[in-house]
Amino acid sequence: VSVRPTERNLEQAAVSNYLLSIAVVICIQSLVTLSLNFQFGITGIVNCGQVAFFAIGSYASAILTTAGYPLAVGVIVGILVAIVAGIAVGLSTLRLREDYFAIMTLGFAEVLRMLARNLSWLTSGPSGIAGIPKLFNGRDQYYSLEFFAVVVVALLLALGACNLLTASPLGRTLRAVRDDEIAAMAIGKNPLHFRLLALIWGAGLASLAGSLWAHYVSYVVPDQFTSEATFYVWMAMMIGGLGSMIGSVGGTALLFALLEGSRFLDDMNVHIDASRLASLRQILIGLGLILLIKLERNRSRRLGRL
Amino acid sequence: VKVPSRTFAIVLAWLVFERLRITGVIPLLVVSIGLAIAMRYAIQFFFGPDYQQFPTPIERPHDFGLFKLTTVQMTTIAVAVIVVLALRLVLVYTKLGRILRALADNPTLCEVAGIDTTLFRAIAWMVIVGLAAIAGVLLGLNFVIQPTMGWDFFIPIFSAAILGGVGNVQGALAGSLLIGLTQEYSTLILPPAYKEIVSFVVLALCLFVRPNGIWSRRR
């Protein structure tokens with residue numbers, strides 16, 4: 001005997017679907033923020049193209065699972081490709097001045113997006129890849145407690161690993177490379193090696209996040225991976241605090257809660273049409289970045305760095 | 001249209017870059033990216049995301065044998081050459097130009113020499129924003145424009161600047177010409193969608209050969 005859902009039940013289901021989907025997005029984005037914070041906050045690599053590695057993971061999973069390979073293959077290939085790309089980008093650009101490095105990574109991300117748009121045989125071009133299999137069948141397209149559990153476990157593992165790494169002797173070396181390259185060289189550490197290591201570790205993490213994203217939203221298009229996404233991550237990182245791993249999660253949660261909250265402007269009798277609201281959000285991202293840099297500088301002037 | 005937009009941009013640049021007193025290459029870089037995102041979407045917010053076009057008349061190009069050029073294209077080339085020459089003359093032969101170059105080399109020394117660095121930084125901003133605005137108008141005359149088109153240009157622009165040499169006026173013109181021609185001729189063998197990728201490769205090669213920029217004398 002099936003119970004007919006009452007209107008109240010349906011409404012509650014919709015609310016919990018929505019909240020859960022935000023929680024999943026926050027967890028996945030937190031992984032990316034974590035990876036960037038490891039690169040910039042701990043090691044001082046100015047990666048302005050983190051979205052590229054996220055996109056590699058997404059596309060690897062999308063292409064391989066829609067071609068019939070098991071899920072794990074997509075995730076692992078994604079991470080491997082991201083690591084190879086990280087090595088390629090790192091070896092060719094890490095010895096540059098840091099401003100040139102920033103430009104090169106930003107350019108790398110843009111080039112990768114252009115490739116995704118144009119290599120139709122591989123990526124289906126601008127229309128993207130749809131029908132990426134879901135991990136679990138929930139009661140709604142975006143509602144799956146099991147998937148939420150998976151992303152939470154992935155986030156906790158990554159958080160633990162990042163914390164272990166930063167507390168380890170390796171983490172000390174990375175911070176030494178960030179703060180004083182010459183001193184690090186003087187004690188026999190090659191800064192290039194350690195920067196490369198941090199870049200690869202971050203690339204792998206971002207790729208994992210990308211795979212999870214692909215399996216969550218079940219379609220990928222090049223427009224999901226614009227450079228604006230990189231700067232969302234930068235903002236989340238700076239809200240949470242440079243070099244703080246748990247802060248990355250907090251910062252991401254706060255940022256995405258605020259962005260999602262802007263949807264409710266409509267309920268508060270502030271009527272802005274959807275495309276204008278989207279523009280407004282991006283304006284806030286831009287201005288937020290400026291403000292955060294300012295605040296960060298005040299803080300780090302006291303700490304005597306940056 | 002040009003005058004109010006330029007004053008607006010100058011005020012904005014002054015507000016962000018001078019009042020906030022942000023120094024250091026990386027913070028400045030992130031701030032300028034933040035500013036770029038905010039401005040693009042401010043334009044989109046007020047004028048919508050659609051493509052727009054200057055109301056230029058359709059015309060038959062003049063035939064010069066080797067080239068065919070429309071009046072708009074000829075104006076564009078003339079304006080670019082004149083602006084670059086003027087900029088070079090100002091930077092090399094006037095007191096203002098000397099001060100600006102000194103400011104780039106050693107701000108502290110300028111301050112010691114009694115130069116109002118804040119004032120001249122503001123002037124530098126005016127020149128920079130003015131140049132970018134002229135470029136924007138010329139671009140609009142030649143193509144359709146759209147609020148978020150900026151991402152498509154930053155790779156070629158950086159390639160051209162680094163190829164030509166940072167701080168080198170005629171180098172900028174040469175670098176841009178070289179990048180532009182490379183991009184266009186690449187379409188003979190590659191699909192046109194790969195133009196920007198070509199300029200990225202040029203940029204990467206430049207930096208690979210000379211990690212501090214092509215004409216750098218440092219290190």
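Scanning segment A:63-111 for residues that are among the small types (Gly, Ala, Ser) and in a helix (DSSP H, G or I) yields A:Ala72, A:Gly74, A:Gly78, A:Ala82, A:Ala85, A:Gly86, A:Ala88, A:Gly90, A:Ser92, A:Ala102, A:Gly107, A:Ala109. So, A:Ala85, is that one over 25 Å from A:Leu71 (Cα atoms), within 14 Å of chain B (Cβ to nearest Cβ) and among the small types (Gly, Ala, Ser) or not? So A:Ala85 fails the test. Quick check, is A:Leu212 closer than 24 Å to A:Phe136 by Cβ and in contact with a helix residue (DSSP H, G or I) (Cβ under 7 Å, 6 or more places away or on another chain)? It is true that A:Leu212 is closer than 24 Å to A:Phe136 by Cβ and in contact with a helix residue (DSSP H, G or I) (Cβ under 7 Å, 6 or more places away or on another chain).
Return yes or no: is A:Ser35 touching a residue at least 24 places away in the same chain (Cβ under 8 Å) and in contact with a His (Cβ under 8 Å, 6 or more places away or on another chain)? Show your work before the answer.
Working: touching a residue at least 24 places away in the same chain (Cβ under 8 Å): yes; in contact with a His (Cβ under 8 Å, 6 or more places away or on another chain): no.
So A:Ser35 does not fit the description; no.
Here is a yes/no grid of residues against (1) modelled with pLDDT of 75 or more; (2) touching a Lys or Arg at 6+ places or on another chain (Cβ under 9 Å):
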| position | (1), (2) |
| --- | --- |
| B:Pro107 | yes, yes |
| B:Arg121 | yes, no |
| B:Asn142 | yes, no |
| B:Met149 | no, yes |
| B:Ser159 | yes, no |
| B:Leu163 | yes, no |
| B:Asn168 | no, no |
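The combined condition, being exposed (fewer than 14 other Cβ atoms within 10 Å of the Cβ), hydroxyl-bearing (Ser, Thr, Tyr), touching a residue at least 40 places away in the same chain (Cβ under 8 Å) and under 30 Å from A:Gly286 (Cα atoms), is not fulfilled by B:Tyr41.
Taking the criterion of being in contact (Cβ under 8 Å) with a residue 24 or more places away in the chain and of a type outside the set (A, V, I, L, M), the residues of segment A:180-216 that qualify are A:Phe194, A:Arg195, A:Trp201, A:Gly202, A:Gly204, A:Ser207, A:Gly210, A:Ser211, A:Trp213, A:His215, A:Tyr216.
Yes or no: segment A:13-28 includes at least one residue that is at pLDDT below 90, touching a Pro at 6+ places or on another chain (Cβ under 9 Å) and in a helix (DSSP H, G or I). Yes, segment A:13-28 contains at least one residue that is at pLDDT below 90, touching a Pro at 6+ places or on another chain (Cβ under 9 Å) and in a helix (DSSP H, G or I).
The residues of segment A:52-88 that are among the aromatic types (Phe, Trp, Tyr) and surrounded by fewer than 15 Cβ atoms within 10 Å (Cβ to Cβ) amount to a single one, A:Tyr69.
Taking segment A:110-123 as the range and being crowded, with 19+ Cβ neighbours inside 10 Å and at pLDDT below 85 as the test, only A:Thr123 passes.
Given the criteria in a helix (DSSP H, G or I), of a type outside the set (D, E, K, R) and either farther than 27 Å from B:Thr71 by Cα or under 13 Å from the mean Cα position of the chain (by Cα) (or both), does B:Ala174 qualify? Spelling it out, it is not the case that B:Ala174 is in a helix (DSSP H, G or I), of a type outside the set (D, E, K, R) and either farther than 27 Å from B:Thr71 by Cα or under 13 Å from the mean Cα position of the chain (by Cα) (or both). Select, from A:Ala109, A:Ala14, A:Ala116, the only residue that is among the small types (Gly, Ala, Ser), under 25 Å from A:Leu258 (Cβ atoms) and touching a strand residue (DSSP E or B) at 6+ places or on another chain (Cβ under 9 Å). Only one candidate qualifies: A:Ala14. Remark: B:Pro49 falls outside the filter, which requires a residue to be facing chain A (nearest Cβ under 8 Å), more than 20 Å from B:Gly130 (Cα to Cα), modelled with pLDDT of 70 or more and in a helix (DSSP H, G or I). Could you look through segment B:72-101, keep only residues that are loosely packed, with under 14 Cβ neighbours inside 10 Å and hydroxyl-bearing (Ser, Thr, Tyr), and pick out the one that is nearest to B:Ala172 (Cα to Cα)? Ranking the candidates gives B:Tyr93 first. A Cβ distance below 7 Å, combined with a sequence gap of six or more or placement on separate chains, defines the contacts here; from segment A:39-65, residues that are touching a residue at least 24 places away in the same chain (Cβ under 8 Å) reach residues that are assigned to a helix (DSSP H, G or I) and acidic (Asp, Glu) in the pairs A:Val46/A:Glu98.
The values are calculated or read from the model by the stated rules, or taken from the named source; none is laboratory data. Because the structure is a prediction, the values reported are computed rather than measured. Glycine also receives a Cβ, built like all others from the backbone with ideal geometry; neighbour counts cover every protein chain displayed.
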